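Everything below concerns the one structure shown next.
The values are calculated or read from the model by the stated rules, or taken from the named source; none is laboratory data. The model shown is predicted, which means the values in this text are computed figures rather than measured ones. When we count neighbours, we look across all protein chains shown, and the Cβ atoms used for this are built from the backbone with ideal geometry, even at glycine.
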Amino acid sequence: MRATNLYAALAAAKHCAAGCSLKHAVWQSGKVKLYRYQPIARPAAAAPLLIVYALVNRPYMMDLQEDRSLIRGLLAEGLDVYLIDWGYPDGADRFTTLADYINDHVAGCVEHILKAHRLDALNVLGVCQGGVLSLCFSALYSQRVKNLITMVTPVDFHTPADLLSKWVRKIDVAAWVGDGNVSGDTLNQLFLSLMPFRLTQQKYVDLMAGSPDRARVENFMRVEQWIFDSPDQAGAAFREFVTWFYQENRLMHNRLEISGCKVDLRTLRIPILNLIGKRDHLVPPDASLALQKLVGSKDYTALELDLGHIGMYISARAQHEVPAAIAKWLAERRRK
Amino acid sequence: MHTEHRLLQSDPWQQWQAFAAQFAKGASAPHEARGPAAASSFAPFTDVAERFATAARTYFDAANADASAPAPADAARIFTDSLREMFADFQPWNLGVGAGTGPGSVPPGFTPNSPALGATREHQQRWERIADASRRIEEAQRRLQRIGSDALREAAATFASRLGASRPPVENPEALHKLYGSWIDCAEDAYGRAAHSEPFCGALAECVNASSEWRRELQASIEHSAKLLDLPTRSEVNTLTQRVKSLEEDVRALRRVRKTRPARRKAKP
């Protein structure tokens, strides 16, 4: 009986879409779109918050469903939230570089927001790989960023627990990527290989063994959709990211240049909040904690939460703690 | 229904297996969501659950001194061997490598290491490189498989020692599920240690690097054929894409300059 109910719940969940908060596109460049979320609470009188998500996954993980939405939590705190959606790169985007992403796309979004609000600077929340892009952007355009929040963001790519880094260090990335893109399927397999028994078997056995409760199954299916809805990666940007960060660890050695301009994190003197997942298997805590020693900011806060990489956005605990922590930290910076 | 309920109450092993069977039945029932596709999508997981339950049942029957069952030490070995077999073909690190089959296979009549002479010299050398890349991929995959097999052996040994140290009461499907979780913990720990090791990282890199070479040579071979038929090649499309990108960058730069330049006064007539 339970199996039948589970199948019925899975069938019902097939059509449940991820994303729960109202938003509208306010700017577009190629496949990249900038969304602004509709407020749901009294405005907090803070500068707008731009979320820069990773290139390797879709950003709707930030707003999966009502009870698992970092964005909803931020909106409830009265923040004015913007999000960059990188879209799905195709063959025509294979030569898009990190410089294009940072100098054209992130900078384009920032300029649009600043112009619309008649401001000189805004708040940036960079997530995972998006955190790395945010750090680069903030170092290159420091006058445009008021406060920087990094979430599960790797900075030191050579920490002992970083399995991905160990795997890619001897790979000839230029040959692997060639002149093409890197398929999302390949990346999925790579990520699953980090914990294969849990991610390819146990979680499905757990699904079968658990209750066929509709909400539980819908939540499972939304996360499942997100995990495997991985966009192909623009080849040039992917090659640069793996080579410069994973292989050469350029941020740590202060040797990173984007389009000929040095990315020197020591010039970052803005307030920084670094959110770290203690149980993060993708970005080990040490990889994020390294940030403190690299930045010139005297206003640096690290907040370690007992969460995993994905749990940082969608766990019940994260819903209570993360948006409140961000809003409180921003409010304290406003008062300073 | 009543009989089934009694059966489920009486034997935890039967409960687990009945659950798996019910799941498969539910999957094949005539319902839009329970078609063959849905059933097959869950088949590997019901299979894992069922095979684990069967192996665990055999072990615990023996460990509980059933006269007709093998001795506990043998039972532990049989159990852990069956776990290793269950995951023997498990190769998560095989990153979509398809060398050695399909159009990448060497052509009929090709003899590796024969002297490359005459008009077909370049093609022969290319096929040699493809064959060499295929050989390297297979070798790297064998190394990975060996490391994976060793990791499974280590996981099984750890799991067996855990079972021996504290024989967990397995009175219901939940307890069996917990036991399965314990096996996954052991497997993941052992795999994690292996995956961090130098031999694993080296073999994985070799596998990817050889695959890249295989693909590059194959692409060159296909492009050669395309040129004979005057078909556009990927390389030509890439060249055009780069030209368009370069032009777009120039246009953006000009727009930026125009934006920052002060507006010119209109010349008086």
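Looking at A:Trp244, A:Trp226, can you tell me which residue is crowded, with 20+ Cβ neighbours inside 10 Å, in contact (Cβ under 8 Å) with a residue 12 or more places away in the chain and touching a Lys or Arg at 6+ places or on another chain (Cβ under 8 Å)? Of the residues listed, the single one that is crowded, with 20+ Cβ neighbours inside 10 Å, in contact (Cβ under 8 Å) with a residue 12 or more places away in the chain and touching a Lys or Arg at 6+ places or on another chain (Cβ under 8 Å) is A:Trp244.
Mind telling me which of the residues A:Gly184, A:Gly180 ends up being more than 21 Å from B:Ala203 (Cα to Cα), over 19 Å from the mean Cα position of the chain (by Cα) and either modelled with pLDDT under 95 or more than 7 Å from chain B (Cβ to nearest Cβ) (or both)?
On the way: A:Gly184 fails: over 19 Å from the mean Cα position of the chain (by Cα).
Unique residue meeting the criteria: A:Gly180.
Out of everything in region A:187-197 that is more than 30 Å from A:Ala92 (Cβ to Cβ) and under 22 Å from the mean Cα position of the chain (by Cα), what residue ends up being nearest to the other protein chains (Cβ to nearest Cβ)? Working first, answer last.
So the first thing to find is which residues in region A:187-197 are more than 30 Å from A:Ala92 (Cβ to Cβ), and the list is A:194-197.
Retained after the next criterion (residues that are under 22 Å from the mean Cα position of the chain (by Cα)): A:194-195.
On the way: A:Leu194: 8, A:Met195: 6 Å.
Taking the candidates together, the pick is A:Met195.
State whether one or more residues within region A:285-292 are among the aliphatic types (A, V, I, L, M), surrounded by 22 or more Cβ atoms within 10 Å (Cβ to Cβ) and touching a His at 6+ places or on another chain (Cβ under 9 Å). Yes: region A:285-292 contains one or more residues that are among the aliphatic types (A, V, I, L, M), surrounded by 22 or more Cβ atoms within 10 Å (Cβ to Cβ) and touching a His at 6+ places or on another chain (Cβ under 9 Å). Specify which of the listed residues (A:Gly126, A:Gly108, A:Gly87) is surrounded by fewer than 21 Cβ atoms within 10 Å (Cβ to Cβ) and not in a helix (DSSP H, G or I). Checking each option against the conditions leaves just A:Gly87. Tell me whether region B:230-239 contains one or more residues that are buried (at least 19 other Cβ atoms within 10 Å of the Cβ), facing chain A (nearest Cβ under 9 Å) and of a type outside the set (Phe, Trp, Tyr). Looking for residues that are buried (at least 19 other Cβ atoms within 10 Å of the Cβ), facing chain A (nearest Cβ under 9 Å) and of a type outside the set (Phe, Trp, Tyr), one finds none in region B:230-239, hence no.
Among residues that are closer than 25 Å to B:His196 by Cβ, among the aromatic types (Phe, Trp, Tyr) and within 17 Å of the chain's Cα centre (by Cα), A:Phe228 is not included. The residues of region A:141-171 that are assigned to a helix (DSSP H, G or I), away from chain B (no Cβ under 14 Å) and either small (Gly, Ala, Ser) or touching a helix residue (DSSP H, G or I) at 6+ places or on another chain (Cβ under 7 Å) (or both), listed by number, are A:Ser142, A:Arg144. Of the residues making up region A:259-269, those that are crowded, with 21+ Cβ neighbours inside 10 Å and either assigned to a helix (DSSP H, G or I) or among the β-branched types (Val, Ile, Thr) (or both) number 2.
Can you say whether A:Ala121 is surrounded by fewer than 19 Cβ atoms within 10 Å (Cβ to Cβ) and facing chain B (nearest Cβ under 10 Å), as far as the supplied structure shows? Before the answer, list the steps.
Numbers: surrounded by fewer than 19 Cβ atoms within 10 Å (Cβ to Cβ): yes; facing chain B (nearest Cβ under 10 Å): no.
For A:Ala121, the condition - surrounded by fewer than 19 Cβ atoms within 10 Å (Cβ to Cβ) and facing chain B (nearest Cβ under 10 Å) - is not met.
Please work out if A:Thr200 is within 8 Å of another protein chain (Cβ to nearest Cβ) and polar (S, T, N, Q). Criteria met by A:Thr200.
Checking the condition facing chain A (nearest Cβ under 10 Å) and either surrounded by 14 or more Cβ atoms within 10 Å (Cβ to Cβ) or within 30 Å of B:Ser149 (Cβ to Cβ) (or both), which residue from B:Ala220, B:Ala195 passes? Give the derivation first.
Details: B:Ala220 fails: facing chain A (nearest Cβ under 10 Å).
Answer to the selection: B:Ala195.
One line per residue, one yes/no per condition, for (1) closer than 25 Å to A:Ser297 by Cα; (2) out of contact with any helix residue (DSSP H, G or I) (no Cβ under 6 Å at 6 or more places or on another chain):
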residue	(1), (2)
A:Ala236	no, yes
A:Glu240	no, no
A:Asn249	yes, yes
A:Met252	yes, yes
A:Ser259	yes, no
A:Leu268	yes, no
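Close Cβ contacts (under 7 Å, 6 or more residues apart or on different chains) running from residues in region A:6-22 that are away from chain B (no Cβ under 14 Å) to residues that are among the small types (Gly, Ala, Ser) comprise A:Cys20/A:Ser69; A:Ser21/A:Ser69.
Condition first: among the aliphatic types (A, V, I, L, M) and either surrounded by fewer than 22 Cβ atoms within 10 Å (Cβ to Cβ) or part of a loop (DSSP other than H, G, I, E, B) (or both). Now tell me which residues in region A:90-105 satisfy that. It would help to see each step written out before you state the result.
Within region A:90-105, the first condition is being among the aliphatic types (A, V, I, L, M), and the residues that meet it are A:92, A:98-99, A:102.
Correct list: A:Ala92, A:Ala99.
So which of A:Leu74, A:Leu140, A:Leu148 is closer than 16 Å to A:Val263 by Cα, within 17 Å of the chain's Cα centre (by Cα) and modelled with pLDDT of 95 or more? From the options A:Leu74, A:Leu140, A:Leu148, the qualifying one is A:Leu148.
Test of understanding: among A:Leu251, A:Leu273, which residue is out of contact with any Gly (no Cβ under 7 Å at 6 or more places or on another chain), buried (at least 21 other Cβ atoms within 10 Å of the Cβ), in a helix (DSSP H, G or I) and in contact (Cβ under 8 Å) with a residue 12 or more places away in the chain? Walk me through it before giving the result.
Numbers: A:Leu273 fails: in a helix (DSSP H, G or I).
Step by step, each of A:Leu251, A:Leu273 is checked, and only A:Leu251 is out of contact with any Gly (no Cβ under 7 Å at 6 or more places or on another chain), buried (at least 21 other Cβ atoms within 10 Å of the Cβ), in a helix (DSSP H, G or I) and in contact (Cβ under 8 Å) with a residue 12 or more places away in the chain.
Regarding region A:213-222, can at least one residue be identified that is within 23 Å of the chain's Cα centre (by Cα) and more than 14 Å from chain B (Cβ to nearest Cβ)? Break it down into steps so the answer makes sense when it comes.
Pass one, region A:213-222, residues within 23 Å of the chain's Cα centre (by Cα): A:218-222.
Adding the requirement that they be more than 14 Å from chain B (Cβ to nearest Cβ) leaves A:219, A:222.
Yes.
It is to be established whether one or more residues within region A:20-38 are in contact with a helix residue (DSSP H, G or I) (Cβ under 9 Å, 6 or more places away or on another chain) and assigned to a helix (DSSP H, G or I). So far as region A:20-38 goes, no, none of its residues is in contact with a helix residue (DSSP H, G or I) (Cβ under 9 Å, 6 or more places away or on another chain) and assigned to a helix (DSSP H, G or I). What residue, among those in region B:244-263 that are part of a helix (DSSP H, G or I) and basic (Lys, Arg), is nearest to A:Asp93 (Cα to Cα)? Per the stated criteria, the residue is B:Lys245. When region A:48-79 is examined, which residues are found to be acidic (Asp, Glu) and more than 16 Å from A:Gln225 (Cβ to Cβ)? Matches in region A:48-79: A:Glu66, A:Asp67, A:Glu77. Scanning region A:206-248 for residues that are part of a helix (DSSP H, G or I) and within 16 Å of A:Thr186 (Cβ to Cβ) yields A:Ile227, A:Phe228, A:Gly235, A:Ala237, A:Phe238, A:Arg239, A:Phe241, A:Val242, A:Tyr246. Being within 23 Å of B:Ala49 (Cβ to Cβ) and not β-branched (Val, Ile, Thr) is not true of B:Lys227.
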